[in-house]
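Engineer: A single structure is presented below for examination.
The values are calculated or read from the model by the stated rules, or taken from the named source; none is laboratory data. Being a predicted model, the structure only gives us computed values, none of them experimental. In this analysis, Cβ positions are derived from the backbone assuming ideal geometry, glycine residues included, and neighbour counts consider all displayed protein chains. Protein only, heavy atoms only, side chains kept; ligands, DNA and RNA dropped before computing areas. Shrake-Rupley method; radii C 1.70, N 1.55, O 1.52, S 1.80 Å.
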Amino acid sequence: MGEKSRSKGCCGWFLILVVLAVVVAAIVITVKKRSDHHSGSGEPEPVPGPPGAIDEKYADALKIAMKFFDVQKSGKLVNNEISWRGDSGLKDGSEAKLDLSMGMYDAGDHMKFGFPMAFTATVLSWAILEYGDQMDAVKQLEPAQDSLKWITDYLINAHPSENVLYIQVGDPEADHKCWNRPEDMTEKRPLVQVNVSSPGTEVAAETAAAMASSSLVFKTIDPTYSSTLLKHAKQLFTFADKSRGSYSVSVPEVQTYYNSTGYGDELLWAASWLYHATGDDSYLQYVSGQNGKLFAKFGSPSWFCWDNKLAGTQVLLSRLSFFDGKDNGGLAMYKKTAEAVMCGLLPDSATATKSRTDGGLIWVSEWNSLQHPVASAFLAALYSDYMLTSQTSSISCDGETYKPSDLRKFAKSQADYVLGKNPMKMSFLVGYGDKYPQYVHHRGASIPADENPGCTDGFKWLDSTDPNPNIAEGALVGGPFLNETYIDSRNNSMQGEPSTYNSAVIVGLLSSLVTTSSVVKSFT
């Protein structure tokens with residue numbers, strides 16, 4: 001009896017010890033998991049060296065994504081590698097005695113909208129400046145520079161005098177009544193400009209940002225061209241700042257297509273790029289002084305896109321804190337808000353945005369749903385690399401710390417979703433993988449290259465049930481709905497229309513993931 005009782009007691013204690021061991025093990029595992037990103041007091045993660053091992057998945061995707069810029073080129077094509085594209089828009093600008101034949105078509109149509117086109121150039125410049133070595137490692141640096149110059153040549157010609165900027169070629173209403181190839185356009189191509197009496201601060205400032213950032217890209221390659229770009233950037237910024245007014249008010253018809261919600265973000269964005277391009281402290285004072293208080297919306301994270309440059313500006317100015325020790329006053333607030341943007345993106349953060357699909361894709365808008373997650377992932381990759389390169393071990397999100405690798409993991413998750421790791425098991429980058437959209441909303445891709453339909457004759461191809469005869473390789477389509485469905489129909493422009501600015505952000509993101517290299521500490 002006594003033995004049994006003792007035995008039972010030992011068993012009871014043994015069970016208690018087992019339970020305690022399980023609890024301790026669970027705590028250890030939890031702490032270890034948490035320590036994966038709770039390493040504020042730990043050692044910084046090691047800085048990667050020059051471009052190392054290539055991640056073939058992202059390298060292949062980058063090579064494909066870069067091709068869409070060639071698909072979208074207007075003008076007399078040089079070294080054309082897109083078999084179904086030819087010369088087009090050769091007389092654009094002629095009514096003002098300007099050569100506006102170059103540049104790129106906006107999306108699946110034949111419009112040249114200066115606002116998103118300039119944003120495309122700025123983001124592409126940024127990607128080249130930060131990740132040019134990675135692009136070069138997979139032979140994509142020169143194509144990126146060539147595509148950028150195709151846009152900046154156009155922008156230079158669109159700025160014929162200090163206070164005049166041509167912001168649009170084509171009549172969108174007339175253009176959208178046609179379905180034909182750009183090579184066969186016969187409709188009129190009217191021009192729209194902003195000037196002192198009809199201002200357009202946001203489009204002038206965005207064009208200044210494009211010119212300033214691209215001047216850095218070409219600084220050592222072609223110093224004369226770089227100086228020309230910088231001269232235009234300075235003039236455009238002065239025009240934008242002194243003649244303040246929204247182009248959505250001056251040119252109300254743009255509200256249907258690329259309506260601006262304000263110009264303060266573009267002024268800060270342009271001044272930030274001009275500081276990087278010139279080193280002139282007046283531009284730094286511009287963003288850190290009264291204009292920062294007016295326009296920066298410190299402490300309020302926002303989404304980076306063609307209409308809102310605040311998050312991009314905050315990340316760009318954070319470079320000065322990470323690498324130049326400029327972390328006082330207004331600049332500190334930019335970095336603090338950039339950190340809040342990052343915390344909103346990290347899925348495990350207490351302040352993480354709930355705007356996500358079940359598959360983990362950041363979700364903001366059903367129109368062109370991929371723009372925001374891809375742009376956000378690009379910013380996260382940049383910020384991660386700023387932290388690595390400056391040996392910053394962590395950021396704090398509501399008291400919890402996260403490492404650069406956490407941000408990179410998020411960036412990869414968005415890229416991987418785009419490339420096929422999603423509930424639909426399809427790639428949204430046309431030409432990548434085994435399954436991608438076949439009915440892209442794109443005129444040139446939908447019409448056989450040996451056909452020459454007039455304005456309205458081509459609608460039979462819009463309505464055709466056959467897949468596109470031409471592959472718009474590299475196109476990043478609009479993307480899935482919130483419930484993670486995609487309707488592959490040529491008439492579904494909400495989901496199936498690609499754009500050049502989508503291409504800019506996906507090229508930036510993929511360039512950051514090609515290898516584990518760090519970013520440059522200075523653009524000059």
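Engineer: Please enumerate the residues belonging to region 451-469 that are under 15 Å from MET185 (Cα atoms), open to solvent by 20 Å² or more (accessible area, probe 1.4 Å) and over 33 Å from the mean Cα position of the chain (by Cα). Give the derivation first.
Structural biologist: Filtering region 451-469 down to residues under 15 Å from MET185 (Cα atoms) leaves 451-459.
Among the residues that remain, those that are also open to solvent by 20 Å² or more (accessible area, probe 1.4 Å) are: 451-452, 454-457, 459.
GLU451, ASN452, GLY454, THR456, ASP457, listed by residue number.
Engineer: I'd like to check something: does region 206-224 contain any residue that is within 21 Å of the chain's Cα centre (by Cα), more than 22 Å from LEU317 (Cβ to Cβ) and either at pLDDT 95 or above or outside any loop (DSSP other than H, G, I, E, B) (or both)? Steps first, answer last, please.
Structural biologist: Start the filter on region 206-224 by keeping residues that are within 21 Å of the chain's Cα centre (by Cα), which leaves 206-218.
This time we only want the ones that are more than 22 Å from LEU317 (Cβ to Cβ), so: 218.
Those still in the list that are either at pLDDT 95 or above or outside any loop (DSSP other than H, G, I, E, B) (or both) too: 218.
Checked against the condition, which is being within 21 Å of the chain's Cα centre (by Cα), more than 22 Å from LEU317 (Cβ to Cβ) and either at pLDDT 95 or above or outside any loop (DSSP other than H, G, I, E, B) (or both), region 206-224 yields at least one hit.
Engineer: Consider GLY329 carefully, then state whether it is of a type outside the set (D, E, K, R) and on the phi > 0 side of the Ramachandran plot.
Structural biologist: Values: of a type outside the set (D, E, K, R): yes; on the phi > 0 side of the Ramachandran plot: yes.
The answer is yes for GLY329.
Engineer: Also, quick follow-up: Report the residue count in region 295-338 for those that are small (Gly, Ala, Ser) and part of a loop (DSSP other than H, G, I, E, B). It would help to see each step written out before you state the result.
Structural biologist: Step one: filter region 295-338 for residues small (Gly, Ala, Ser), giving 296, 299-300, 302, 311-312, 318, 321, 325, 329-330, 332, 338.
When the remaining residues are screened for being part of a loop (DSSP other than H, G, I, E, B), the result is 296, 299-300, 302, 325.
Looking only at that region, the number is 5.
Engineer: I'm trying to understand the selection: among the residues of region 493-524, which are closer than 25 Å to ASN368 by Cα and open to solvent by 10 Å² or more (accessible area, probe 1.4 Å)?
Structural biologist: SER493, MET494, GLU497, TYR501
Engineer: Please go through region 134-156 and give me each residue that is open to solvent by 20 Å² or more (accessible area, probe 1.4 Å), assigned to a helix (DSSP H, G or I) and more than 16 Å from ALA205 (Cα to Cα), ordered by number.
Structural biologist: ASP136, ALA137, LEU141, GLU142, PRO143, GLN145, ASP146, LYS149, TRP150, ASP153 - these are the residues of region 134-156 that are open to solvent by 20 Å² or more (accessible area, probe 1.4 Å), assigned to a helix (DSSP H, G or I) and more than 16 Å from ALA205 (Cα to Cα).
Engineer: A further question on this structure: Checking THR120 against (1) out of contact with any Lys or Arg (no Cβ under 9 Å at 6 or more places or on another chain); (2) polar (S, T, N, Q); (3) surrounded by fewer than 24 Cβ atoms within 10 Å (Cβ to Cβ), which single condition isn't satisfied?
Structural biologist: Every listed condition holds for THR120 apart from (3).
Engineer: While we're here: Cβ-Cβ under 6 Å, sequence separation 6+ or interchain: first residue in region 297-308 and touching a residue at least 40 places away in the same chain (Cβ under 8 Å), partner open to solvent by 60 Å² or more (accessible area, probe 1.4 Å). Which pairs?
Structural biologist: ASP307/THR261
Engineer: Pick out the one residue from SER427, SER405, SER413 that is open to solvent by less than 30 Å² (accessible area, probe 1.4 Å) and of a type in the set (Ser, Thr, Tyr). Step through it out loud before you land on a result.
Structural biologist: Values: SER405 fails: open to solvent by less than 30 Å² (accessible area, probe 1.4 Å); SER413 fails: open to solvent by less than 30 Å² (accessible area, probe 1.4 Å).
After applying the criteria, what remains is SER427.
Engineer: Looking only at region 440-449, decide whether some residue is under 21 Å from the mean Cα position of the chain (by Cα), among the aliphatic types (A, V, I, L, M) and either surrounded by fewer than 24 Cβ atoms within 10 Å (Cβ to Cβ) or more than 24 Å from ALA210 (Cβ to Cβ) (or both).
Structural biologist: Restricting attention to region 440-449, the residues satisfying the condition of being under 21 Å from the mean Cα position of the chain (by Cα) are 440-442.
Subsequent filtering for residues that are among the aliphatic types (A, V, I, L, M) retains 440.
Now narrow it down to the ones that are either surrounded by fewer than 24 Cβ atoms within 10 Å (Cβ to Cβ) or more than 24 Å from ALA210 (Cβ to Cβ) (or both): 440.
So far as region 440-449 goes, yes, one or more of its residues are under 21 Å from the mean Cα position of the chain (by Cα), among the aliphatic types (A, V, I, L, M) and either surrounded by fewer than 24 Cβ atoms within 10 Å (Cβ to Cβ) or more than 24 Å from ALA210 (Cβ to Cβ) (or both).
Engineer: Residue under question is LEU388, and the condition is that it be part of a helix (DSSP H, G or I), open to solvent by 10 Å² or more (accessible area, probe 1.4 Å) and out of contact with any strand residue (DSSP E or B) (no Cβ under 6 Å at 6 or more places or on another chain); does it hold?
Structural biologist: Details: part of a helix (DSSP H, G or I): yes; open to solvent by 10 Å² or more (accessible area, probe 1.4 Å): yes; out of contact with any strand residue (DSSP E or B) (no Cβ under 6 Å at 6 or more places or on another chain): yes.
So LEU388 fits the description; yes.
Engineer: Filter region 468-504 for residues that are out of contact with any Leu (no Cβ under 8 Å at 6 or more places or on another chain) and part of a helix (DSSP H, G or I) and give the result.
Structural biologist: Passing the criteria: SER493, MET494, GLN495, GLY496, THR500, TYR501.
Engineer: Further, regarding this structure: Any residue at all in region 497-509 that's over 18 Å from the mean Cα position of the chain (by Cα) and in contact (Cβ under 8 Å) with a residue 12 or more places away in the chain? I'd like the intermediate steps shown before the answer.
Structural biologist: Step one: filter region 497-509 for residues over 18 Å from the mean Cα position of the chain (by Cα), giving none.
No, region 497-509 has no match at all.
Engineer: Among the residues that make up region 368-377, is at least one of them out of contact with any helix residue (DSSP H, G or I) (no Cβ under 9 Å at 6 or more places or on another chain), open to solvent by less than 10 Å² (accessible area, probe 1.4 Å) and either outside any loop (DSSP other than H, G, I, E, B) or among the small types (Gly, Ala, Ser) (or both)?
Structural biologist: Within region 368-377 (the criterion being out of contact with any helix residue (DSSP H, G or I) (no Cβ under 9 Å at 6 or more places or on another chain), open to solvent by less than 10 Å² (accessible area, probe 1.4 Å) and either outside any loop (DSSP other than H, G, I, E, B) or among the small types (Gly, Ala, Ser) (or both)), the answer is no, since none of the residues qualifies.
This table checks each residue for (1) over 18 Å from GLU497 (Cα atoms); (2) among the charged types (D, E, K, R); (3) in contact with a strand residue (DSSP E or B) (Cβ under 7 Å, 6 or more places away or on another chain).
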| site | (1), (2), (3) |
| --- | --- |
| GLY93 | yes, no, yes |
| SER101 | yes, no, yes |
| TYR105 | no, no, yes |
| HIS110 | no, no, no |
| PHE113 | no, no, yes |
| ALA118 | yes, no, no |
| VAL123 | yes, no, no |
| ILE128 | yes, no, no |
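Engineer: Go through region 161-192 and report how many residues are crowded, with 18+ Cβ neighbours inside 10 Å and either in a strand (DSSP E or B) or among the small types (Gly, Ala, Ser) (or both).
Structural biologist: 8
Engineer: Looking at region 420-451 only, could you name the residues that are aliphatic (A, V, I, L, M), part of a loop (DSSP other than H, G, I, E, B) and in contact with a helix residue (DSSP H, G or I) (Cβ under 7 Å, 6 or more places away or on another chain)?
Structural biologist: To start, the set of residues in region 420-451 that are aliphatic (A, V, I, L, M) comprises 424, 426, 429-430, 440, 445, 447, 449.
Those still in the list that are part of a loop (DSSP other than H, G, I, E, B) too: 424, 426, 430, 440, 447, 449.
If the condition is that a residue be aliphatic (A, V, I, L, M), part of a loop (DSSP other than H, G, I, E, B) and in contact with a helix residue (DSSP H, G or I) (Cβ under 7 Å, 6 or more places away or on another chain), then VAL440, ILE447 are the ones that fit.
Engineer: Restricting attention to region 213-224, which residues are surrounded by 14 or more Cβ atoms within 10 Å (Cβ to Cβ) and touching a residue at least 12 places away in the same chain (Cβ under 8 Å)? Steps first, please.
Structural biologist: Looking only at region 213-224, we keep the residues that are surrounded by 14 or more Cβ atoms within 10 Å (Cβ to Cβ), and these are 213-219, 222.
Within region 213-224, SER213, SER214, SER215, LEU216, VAL217, PHE218, LYS219 qualify.
Engineer: Out of all the residues in region 376-411, which are under 23 Å from VAL514 (Cβ atoms) and either touching a Cys at 6+ places or on another chain (Cβ under 6 Å) or among the polar types (S, T, N, Q) (or both)?
Structural biologist: SER376, SER384, THR389, SER390, GLN391, THR392, SER405
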